[in-house]
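Here the structure is laid out as structure tokens; the discussion comes afterwards.
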Amino acid sequence: RGTMKSLRFISAEAFVSNAEFARKSLGSVAHNLFPLLFKASYLLEQGEVIHDLVENWPLVDFNMGKLLGATVDYQEDLSHRTCSVCLESCLTGLRDYVLNHPSPYAKRLKVVDLTGIKDVEVQFCECKKTMGRWARTQRLSKLCLELLVYLQQTQCNPGTFEISIDVLIDLFVTERNYELVVQALLKKCYCPLKICCVAFRSDNLALQKFFYIIKLTDPSLLRKLEIVHNVRLEMEHLEILFNSVHFPLLMSLTLPARTFNVRRFTATDEQMLINIGEKMGEMTQLTELNMPFSVLTGRIRKLLSPLKTPLKMLDVSNCSLNHADMAYLANSFHANHLEALDLSGHNIPDLYPAVFFKLLSHSSSVLRSLTLEDCNIQDTHVNMLILGLSPCQKLQEFKFLGNPLSSQALKHLFTFLCELPMLKNVEFPVPRDCYPVGITYPIDDANLCRFDQQKYERVTADLNLILLQANREDVKASTPLFGSYDAAVQETNNELGAYLIKSFKETLEKFTTSL
């Protein structure tokens, strides 16, 4: 029923399926039918029709998320289709909207929102070619610069320079597209298409370049900031960033590994941490905080207590939290609002089982996603885990890779998981009994794949049978050995790999020189 089409949508598909006829007839199409025709064209990957629809868009706004999302005429959400043909046609159509004169419609378009596009692992478009977040950043920046050059070199209609369209986008900047994006942002005021950065992600970028470009993005509009791989941001740099740049609308902050390391803290560092906490407290919209692989032992209270808005998402995986940290989280006002929690890399059963289950109890009414990878959860802990998870009736995602659980314990756990009504995704570990006797946890990368594949497949079949017998085919169960799919890493893995090799080479050269 979810993919049923209305008669209107079927008619729209028939109309756009003949591209030549559709393009000739657009001039006589009612304005309110453009969104319907756009979604039908996107579904059928009719690039030329998409281009002409955007080029002649008669409405004030063009919101990709809403246009491709579930509608009355067609319930299926197409916003996860990052089809290269369709997106390229949208962008060139937008360019030609600016250049097209005379247009059969008055130019009313003021806002284009590209932020609703979702990057996913499996693409259903026929062309199988995607335009990911990095490529969209690259393409829009290039298009804006080309448009400027064209306007400067050509005798254009004077009205063209009066056009001003805000293009909302999630920018993804690395060393490879840095110069292009900087140029587009620097010349933004001269271009009819105004790049408006709503979310910003940075990978593989020198710190100096990051500081320069983040100020160009207009941080006052930024809602999400992700500083992830190979940006060497440490605590002192974070303090400088927060002192020099204000993020009044920031809702989500992701910091790179090792931003904090309390093991080498001085009195000055302690004060710096307090200052950073206070600056985050000024970000009244902040509800998502990701700080994986930092060393934060005993400092969670200092960092989070100044926050005035409760966190909905918290990632403190591999942060060496102690009992005091976990007790603070369990008793803080954040606990009752946490919708997503990642505590991976902490020996929960041995260090702080009671306060962890207290935290789980407080967040159970809202918790949607729980990640407990490499937490030393063993067979003897499964009944306690089931007891803790039972109130979490809104849980949609549970990830517990890397825990030393037997196939029997996994079957017991899966039987319970079937009872969670909203559960959709489970990531479970390779059973301990599939590995050679004597394997130690956490398992290193060299031994991660050295397990009995046939036995694992038999266990997986049994687990899927448990789901099937409970009528829970809607639950996806998998074992992504090297972590969940990351669209950004997938798109830029060649650059990431080259950066890592370069870093390794530089380290070796320094080592050789010192020898």
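The values are calculated or read from the model by the stated rules, or taken from the named source; none is laboratory data. Computed from a predicted structure; not experimentally measured. Methodologically, a virtual Cβ is constructed for each residue, glycine included, from the backbone with ideal geometry; neighbour enumeration extends over all protein chains shown. Heads up: the accessible areas ignore ligands, DNA and RNA and are worked out on the full protein's heavy atoms, side chains in. Shrake-Rupley method; radii C 1.70, N 1.55, O 1.52, S 1.80 Å.
Residue-by-condition table, conditions (1) over 19 Å from F414 (Cβ atoms); (2) in contact with an Asp or Glu (Cβ under 6 Å, 6 or more places away or on another chain); (3) open to solvent by less than 70 Å² (accessible area, probe 1.4 Å):
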position: R432; (1), (2), (3): no, no, no
position: P436; (1), (2), (3): yes, no, no
position: T440; (1), (2), (3): yes, no, no
position: Q454; (1), (2), (3): yes, no, no
position: V459; (1), (2), (3): no, no, yes
position: D462; (1), (2), (3): no, no, yes
position: E473; (1), (2), (3): no, no, no
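Filter the range 291-317 for residues that are of a type in the set (S, T, N, Q) and in contact (Cβ under 8 Å) with a residue 40 or more places away in the chain and give the result.
Scanning the range 291-317 gives a single hit, S317.
Regarding L140, is this residue closer than 26 Å to P219 by Cβ, modelled with pLDDT under 95 and open to solvent by less than 40 Å² (accessible area, probe 1.4 Å)?
Judged against the criteria, L140 is not a match.
This table checks each residue for (1) under 19 Å from L296 (Cα atoms); (2) in contact (Cβ under 8 Å) with a residue 60 or more places away in the chain.
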{"residue": "T217", "(1), (2)": "no, no"}
{"residue": "S220", "(1), (2)": "no, no"}
{"residue": "V228", "(1), (2)": "yes, yes"}
{"residue": "E234", "(1), (2)": "yes, no"}
{"residue": "S244", "(1), (2)": "no, no"}
{"residue": "L250", "(1), (2)": "no, no"}
{"residue": "P256", "(1), (2)": "yes, no"}
{"residue": "R263", "(1), (2)": "yes, no"}
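Since E239 meets every condition but one in (1) touching a residue at least 40 places away in the same chain (Cβ under 8 Å); (2) in a strand (DSSP E or B), which condition does it not meet?
(2)
For the range 442-452, how many residues meet the condition of being in a helix (DSSP H, G or I) and surrounded by 13 or more Cβ atoms within 10 Å (Cβ to Cβ)?
Looking only at that region, the number is 1.
Check the range 167-174 and report whether any residue there is open to solvent by 30 Å² or more (accessible area, probe 1.4 Å), part of a loop (DSSP other than H, G, I, E, B), touching a strand residue (DSSP E or B) at 6+ places or on another chain (Cβ under 8 Å) and closer than 24 Å to S41 by Cβ.
No: zero hits.
Does L185 meet the test of being in contact with a strand residue (DSSP E or B) (Cβ under 9 Å, 6 or more places away or on another chain) and open to solvent by less than 10 Å² (accessible area, probe 1.4 Å)?
No.
Scan the range 221-251 residue by residue and report those that are over 14 Å from R201 (Cβ atoms) and open to solvent by 50 Å² or more (accessible area, probe 1.4 Å).
Listed by number, the residues that qualify are L221, R232, E234, E236, I240, N243, S244, H246, P248, L249, M251.
Restrict the check to the range 286-299 and report whether at least one residue is open to solvent by 20 Å² or more (accessible area, probe 1.4 Å), closer than 14 Å to F333 by Cα and either part of a strand (DSSP E or B) or outside the structural domain of N331 (by the TED database) (or both).
No - not one qualifying residue is present in the range 286-299.
With the range 8-59 as the region, which helices (runs of 4 or more DSSP H) entirely inside it contain at least 3 residues that are open to solvent by 60 Å² or more (accessible area, probe 1.4 Å), farther than 27 Å from K110 by Cβ and in the same structural domain as F124 (by the TED database)?
The qualifying helices (runs of 4 or more DSSP H) are 19-25.
Residues that are among the β-branched types (V, I, T) and open to solvent by less than 60 Å² (accessible area, probe 1.4 Å): list the helices (runs of 4 or more DSSP H) wholly contained in the range 323-427 that include at least 1 such residues.
Those helices (runs of 4 or more DSSP H) span 348-351, 353-363, 382-389.
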